[in-house]
Amino acid sequence: MTSPGDTRQILLRRGFALEYVTLGWNAVGIVVLGFAAITARSVALAGFGLDSLIEIGALTVVLWELSGAGAARQRRALRLIGAAFAALAVYLAVQSTWVLVVGFRPRHSAAGIAWTAITAAVMFALAYGKSRTGRALRNPVLATEGRVTLVDGILATAVLAGLLLNAVAGWWQADPAAGYILVYYAVRECRQIFLGQH
């Protein structure tokens, strides 16, 4: 018979494992997306790669919290993440607008299509695991981070749609349009952090 303390330890180990898998995936993603963004000259892929970098910071905050770190340290880390999201929003807004104004056409990116497709599936699975584990632990931070991971899956799907529309139909405008979706997400996250809604 498993005691409540043993059950909690099992759930905590699962929570850490889910966070470390997400961390590793994002670390590999930065390299893959950076290469794909440069070769395809894609604003959406560059933005998604930068988002992966920011998510590594967010994951670090959750790992601190699961380890019992102090609230003051968590608030400082969240403010840094908020500032990074603000910078991401400005970068993507400028780049996406520039691409549309000058009519710059990104190249096709098979690597970008493959990575974003796999990433969407992985993020949806991880989001489900984090949400379920967070509820079982009664840990709102882990459950909330599960929703962030769910949003990452949705963003990967949006970027994938832009890449596919560019590759299949020649709709080059879909790439900067996917960049604007990332702008919306970055602004929303920044606003929630600085208004204390996270």
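The values are calculated or read from the model by the stated rules, or taken from the named source; none is laboratory data. Worth saying up front: this structure is predicted, and the values here are computed from it rather than measured. Note that we place each Cβ from the backbone using ideal geometry, even for glycine, and neighbour counts take in every protein chain shown. Keep in mind that these areas ignore ligands, DNA and RNA; they rest on the heavy atoms of the full protein, side chains included. Shrake-Rupley method; radii C 1.70, N 1.55, O 1.52, S 1.80 Å.
Within segment 98-115, being within 22 Å of residue 36 (Cβ to Cβ) and either part of a helix (DSSP H, G or I) or within 19 Å of the chain's Cα centre (by Cα) (or both) holds for 98, 99, 100, 102, 110, 111, 112, 113, 114, 115.
The single condition from (1) under 20 Å from residue 29 (Cβ atoms); (2) modelled with pLDDT of 90 or more; (3) of a type outside the set (Val, Ile, Thr) that residue 87 fails is (2).
So that you can scan it fast, the table gives a plain yes or no per residue for (1) closer than 17 Å to residue 154 by Cα; (2) in contact (Cβ under 8 Å) with a residue 12 or more places away in the chain:
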| position | (1), (2) |
| --- | --- |
| 24 | no, no |
| 39 | no, yes |
| 49 | yes, yes |
| 54 | yes, yes |
| 68 | no, no |
| 71 | no, no |
| 75 | no, no |
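Checked against (1) under 18 Å from residue 178 (Cβ atoms); (2) touching a Lys or Arg at 6+ places or on another chain (Cβ under 7 Å); (3) surrounded by fewer than 22 Cβ atoms within 10 Å (Cβ to Cβ), residue 40 passes all but a single condition, namely (3).
When every residue of segment 77-96 is checked against the conditions, none turns out to be more than 23 Å from residue 188 (Cβ to Cβ) and either surrounded by 16 or more Cβ atoms within 10 Å (Cβ to Cβ) or touching a His at 6+ places or on another chain (Cβ under 8 Å) (or both). Take the residues in segment 122-143 that are within 13 Å of the chain's Cα centre (by Cα) and either open to solvent by 20 Å² or more (accessible area, probe 1.4 Å) or of a type in the set (Ser, Thr, Tyr) (or both); name whichever of them is farthest from residue 20 (Cα to Cα). For segment 122-143, the residue satisfying everything is 124.
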